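Student: Pasting a structure below so you can have a look.
A short reminder: the numbers here are calculations on the coordinates, not readings from a lab. Treat the numbers as computed from the prediction; the structure is a model and nothing was measured. FYI the Cβ positions are ideal-geometry reconstructions off the backbone, even for glycines, and counts take in every protein chain you see.
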Amino acid sequence: MQEQNGKITVDELRSAPEGTLTLIDVRKKPDDKQIRGSVRYDGEKLLEADELALPLPHDGKLVLYCGSGNSCSMIAAHLREKGFPNAVALEGGYAAAKEAGIELEELTQEQPIPGEEGTGLKRL
């Protein structure tokens, strides 16, 4: 994995042993699918948070993806600064994964960011 530049390729994602990565979908306008096994977070809220108390492994591999791979690079860098040293961005984002035939599933609910209002489930 190319951790030194903060990115991972679709081929590296495909070849990673199951259960060794946490996939994080930070797309602003997702369609009705996501990469299988992903959790969803609001990327803008992740960037705005001063302290991050996320229920994610600090020593685990976190692979963030957005639509094309650009904004998730900034979010991955922010997570590395906030105590998640193995956060990386998926090169080419969701579009590259979909094109490469990476397994997809139905979109799941956005996860709340502890301490950040307006994230996760929308209140009625």
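Student: Need one number: % antiparallel among DSSP beta bridges in the chain, to the nearest 5.
Tutor: If I count the DSSP bridges inside the chain, around 20 percent turn out antiparallel.
Student: OK, next. Counting Lys and Arg as +1 and Asp and Glu as -1, each charge on the Cβ, what is the dipole of the chain about the Cα centre in debye, to the nearest 20?
Tutor: Dipole magnitude for the chain comes out near 140 debye.
Student: What order do you get for Ile8, Ile113 when you list them from fewest to most C-beta neighbours inside 10 Å?
Tutor: Ordered from fewest to most neighbouring Cβ atoms within 10 Å, Ile8, Ile113 come out as Ile113, Ile8.
Student: Here's something else I'd like to know. Name the residue, out of Gly92, Gly83, Gly101, whose mean-square fluctuation peaks in a Gaussian network model built on the chain with Cα pairs under 10 Å.
Tutor: Most flexible of the set in this elastic network: Gly101.
Student: Report the relative contact order of the range 1-116, percent, no decimals, based on alpha-carbon pairs under 8 angstrom and at least 6 residues apart.
Tutor: 35
Student: Then there is this: Taking the C-alpha atoms of the chain, how large are the radius of gyration and the largest Cα-Cα span, Dmax, in Å?
Tutor: When restricted to the Cα atoms of the chain, Rg and Dmax are 13.4, 43 Å.
Student: May I ask you to evaluate 6.51 cos²θ - 1.76 cosθ + 1.60, the Karplus curve with θ = phi - 60°, for each residue of the range 17-26 and list the ³J(HN,Hα) values in order in whole Hz, giving x for glycine and proline?
Tutor: x, 4, x, 9, 10, 10, 8, 10, 8, 10
Student: Another question, if that's okay. For a quick check: sort Val63, Val26 by the number of other beta carbons within 10 angstrom, fewest at the front.
Tutor: Val63, Val26
Student: Please work out how many pairs of lysine residues in the range 3-106 are eight or more positions apart (or on different chains) and have Cα atoms closer than 20 angstrom.
Tutor: Lysine pairs satisfying the spacing and distance rule in the range 3-106 number 11.
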